[in-house]
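The values are calculated or read from the model by the stated rules, or taken from the named source; none is laboratory data. Note that the structure is a prediction, hence the values are computed from the model and not measured. Every residue, glycine as well, gets a Cβ built from its backbone with ideal geometry; the counts of neighbours run over all protein chains shown.
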Amino acid sequence: MRPFPWDTAMAVGLGRLRLDPTVFWGLSVREFAAVAGLIGEGSGSLTRPVLAGLMQRFPDR
């Protein structure tokens, strides 16, 4: 079994996705994979219409 690629995960999570360190370290590996677009429906880029829908459903308070 290969070790988990922490350097890559940190580069993506903290660098590319700009997650707050507290949020990054609080994610499970499965949650991180979903956030990074590695698993789940529509893996890849988040489209503007999908983002707009999420912002309507879950507005910042």
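Would you say Arg18 is of a type in the set (Lys, Arg) and at negative phi?
So Arg18 does not fit the description; no.
Give region 2-59 a look and list any residue that's among the aliphatic types (A, V, I, L, M), at pLDDT below 85 and over 12 Å from the mean Cα position of the chain (by Cα), or say none.
Matches in region 2-59: Val50, Leu51, Leu54.
Give the residues of region 24-33 that are surrounded by 14 or more Cβ atoms within 10 Å (Cβ to Cβ) and out of contact with any helix residue (DSSP H, G or I) (no Cβ under 8 Å at 6 or more places or on another chain), sorted by residue number. Steps first, please.
At the first step, the residues of region 24-33 found to be surrounded by 14 or more Cβ atoms within 10 Å (Cβ to Cβ) are 24, 27, 32-33.
Selection gives Ala33 alone.
Being within 10 Å of Ala36 (Cβ to Cβ) and surrounded by 10 or more Cβ atoms within 10 Å (Cβ to Cβ) is the filter here; which residues of region 9-23 pass it? Please lay out each step first, then the result.
First, pick out the residues of region 9-23 that are within 10 Å of Ala36 (Cβ to Cβ): 9, 12-13, 16-17, 19.
Scanning region 9-23 gives Ala9, Val12, Gly13, Leu17, Leu19.
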